[in-house]
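Notes for the one structure printed next.
The values are calculated or read from the model by the stated rules, or taken from the named source; none is laboratory data. Treat the numbers as computed from the prediction; the structure is a model and nothing was measured. Methodologically, a virtual Cβ is constructed for each residue, glycine included, from the backbone with ideal geometry; neighbour enumeration extends over all protein chains shown. Ligands, DNA and RNA are excluded from the accessible area calculation, which covers all protein heavy atoms including side chains. Shrake-Rupley method; radii C 1.70, N 1.55, O 1.52, S 1.80 Å.
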Amino acid sequence: MAHVTDVPFGEVESVLSAGPRHPLDPLSKLELEETVRILSTGGRLPAHRRIVSINLQEPGRHTVERYAPGEPIHRKAFVVLLDRALKAAFEGVVDLHAGQVSSFVQLPEGIQPSIMLDEFSECEAAV
């Protein structure tokens, strides 16, 4: 599979109807799918680990200010994962241009990511 940045914008737009036109645009469907693929193939997403969130890792101010329309956009995704088996949370950065996880750390014990929608139902059932 080609990396997101290898796909010409016109092709991405025709297939997915949305692609980044600016460095601060939200992640596209293709970028989200590529992030999950990279995490999965890198062993960072076993069955007992859940995705809490995937968001754009915003580039630095200098990158945004120097951006000119039509230039390639090197994007990164910031991920938060919850591992119920280990009772641990993880944060990572996926470099979509390089096609690899550039950082991945377990958060200190006691740090809990945001509550997920299905957890509201689980709380209600427990009560």
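Neighbours of Ser40 by Cβ distance under 11 Å: Lys/Arg scored +1, Asp/Glu scored -1, total +1. Solvent-accessible area assigned to carbon and sulfur over the chain amounts to 54 percent, based on a 1.4 Å probe. Within the listed set Ala88, Ala68, Ala77, the residue fluctuating most in the Gaussian network model of the chain (springs between alpha-carbon atoms under 10 angstrom) is Ala68. Accessible surface area normalised per residue over the chain is 63 Å², counting heavy atoms of protein chains with a 1.4 Å rolling probe. Residues with beta-carbon under 14 Å from that of Leu27, excluding Leu27: net charge, scoring Lys, Arg +1 and Asp, Glu -1? Summing Lys and Arg as +1 and Asp and Glu as -1 gives -1.
Counting charges near Ala77 (Lys, Arg +1; Asp, Glu -1) among other residues having Cβ under 15 Å from its Cβ returns a value of -2.
The residues Lys87, Lys29, Lys76, sorted by heavy-atom accessible surface at 1.4 Å with ligands and nucleic acids left out, run Lys87, Lys29, Lys76 from largest to smallest.
Structural descriptor for the range 71-121: relative contact order 29 percent, calculated from alpha carbon pairs under 8 angstrom and at least 6 residues apart.
Residue ranking by accessible heavy-atom surface, 1.4 Å probe, largest first, among Thr35, Thr41 comes out as Thr41, Thr35.
Rounded to two decimals, the Cα radius of gyration of the chain over 2.2 N^0.38 Å is 1.19. Of Ser114, Ser53, Ser28, the residue with the greatest mean-square motion in the GNM of the chain, using alpha carbon springs below 10 Å, is Ser114.
Heavy-atom accessible surface of Leu32, to the nearest 10 Å², is about 60 Å², with a 1.4 Å probe and all protein chains retained.
Between the residues Pro69, Ala89, Pro20, the greatest Cα displacement towards the positive end of the dipole of the chain, with unit charges on the Cβ of Lys, Arg, Asp and Glu, is found for Ala89.
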